[in-house]
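**Student:** First the structure, which I've put down as structure tokens, then a few questions once you've had a look.
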Amino acid sequence: MRHLLEDENIDPFQIAQQAADQIADKSGVDEHQIALTLGSGWAKAADLLGETVSEIPAADIIGFSKPAVIGHGGTLRSIKLQNGKFALVIGARTHFYENHGVRAVVHSVRTAAKTGAKVMVLTNGAGGIRPEWAGGASVLISDHINLTASSPLEGANFVDLTDLYSKRLRAIAREVDSSLDEGVYVQFRGPHYETPAEVQMAKTIGGDIVGMSTALEAIAARESGMEILGMSLITNLAAGIQSTPLSHSEVIEAGQAAEARISKLLAEIVGKI
Ligand code: 8IG
């Protein structure tokens, strides 16, 4: 089944505006100041952020619906933070490897911007290239390398990506935990993990983290004028860095083991933004 945003005749920004209007209507929250996308291992963080005032099945919002996988869409939560601000927590990520096109991938980010969010927090589970990150390190994304051969930007839209991952927000994160490392995130298309040779390439060109999301979303967030914080949970060392094969169950287990710790960390960081 084709995704709504695969129809080239529609305007993705207009659909994002409609989605934001639906969220405001259903949640009763007129404006969200901050938005978070929670990737593998990060889902529990929502509970610690504050008081959930609304939870909407993502499939009920335009552009988020994927008829082929009803019930698999996750939710959009509005959370009132202690400081009185509202956070939009996006539990439904569309990955580039799902082949619904890049418009579908960045719809949640564009919708977040239309709900009023000025800060976009992008989290993910990812593979680590640095051996010292074994065992579930959380790492701040300092920059990215986009190996998807795609862009969410359309037309001759030459958006600057200098300081894409905000220095200010990274400094706030390090105020909460001064031991946080930083690294360059390399987005591959997936859904297969890399070969060890591809991981060596990523390392050679300056990468520290390998993943299948975030970079395209960050570009769209910058286009929409948002300040970006990116964080990876290293659920596995990348292929060839660890001696054993990668497995999805390893990733899930590492995520579960880290969940409480990284949720608390993220909630503390968001409280300071
Ligand atoms: I979790 O090792 C997770 N996501 N590309 N490589 C890529 N994506 C990932 C990995 C990984 N681990």
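The values are calculated or read from the model by the stated rules, or taken from the named source; none is laboratory data. What you see is a predicted model; the values in this text were computed from it and never measured. Virtual Cβ from ideal backbone geometry, glycine too; neighbours counted across all protein chains shown. For the accessible areas, the whole protein counts, side chains as well, though only heavy atoms, and no ligand, DNA or RNA atoms are used. Shrake-Rupley method; radii C 1.70, N 1.55, O 1.52, S 1.80 Å.
**Student:** Touching a Ser or Thr at 6+ places or on another chain (Cβ under 7 Å) and either open to solvent by 50 Å² or more (accessible area, probe 1.4 Å) or within 18 Å of residue 222 (Cα to Cα) (or both): which single residue out of 130, 110 fits that description?
**Tutor:** Answer to the selection: 110.
Here's the yes/no breakdown for (1) within 13 Å of the ligand (Cβ to nearest atom); (2) surrounded by fewer than 19 Cβ atoms within 10 Å (Cβ to Cβ); (3) under 15 Å from the mean Cα position of the chain (by Cα); (4) among the hydroxyl-bearing types (Ser, Thr, Tyr):
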| site | (1), (2), (3), (4) |
| --- | --- |
| 179 | no, yes, no, yes |
| 196 | yes, yes, no, no |
| 202 | yes, no, no, no |
| 218 | no, no, yes, no |
| 249 | yes, yes, no, yes |
| 261 | no, yes, no, no |
| 264 | no, yes, no, no |
| 270 | no, no, yes, no |
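**Student:** Scan the stretch 71-99 for residues that are open to solvent by 40 Å² or more (accessible area, probe 1.4 Å) and touching an Asp or Glu at 6+ places or on another chain (Cβ under 6 Å) and jot them down.
**Tutor:** 75, 80
**Student:** Assuming residue 206 fulfils every condition listed in (1) more than 9 Å from the ligand (Cβ to nearest atom); (2) farther than 15 Å from residue 143 by Cα; (3) assigned to a loop (DSSP other than H, G, I, E, B); (4) not β-branched (Val, Ile, Thr) apart from one, which condition is it?
**Tutor:** So residue 206 meets the others, but not (2).
**Student:** Name the pairs whose Cβ atoms lie under 6 Å apart, with the first residue in the stretch 1-15 and in contact (Cβ under 8 Å) with a residue 24 or more places away in the chain, the second open to solvent by 70 Å² or more (accessible area, probe 1.4 Å) and not aromatic (Phe, Trp, Tyr), and 6 or more positions between them or separate chains?
**Tutor:** 1/68
**Student:** What's the number of the only condition in (1) touching a residue at least 40 places away in the same chain (Cβ under 8 Å); (2) part of a loop (DSSP other than H, G, I, E, B); (3) out of contact with any helix residue (DSSP H, G or I) (no Cβ under 8 Å at 6 or more places or on another chain) that residue 245 fails to meet?
**Tutor:** Just one mismatch for residue 245, condition (1).
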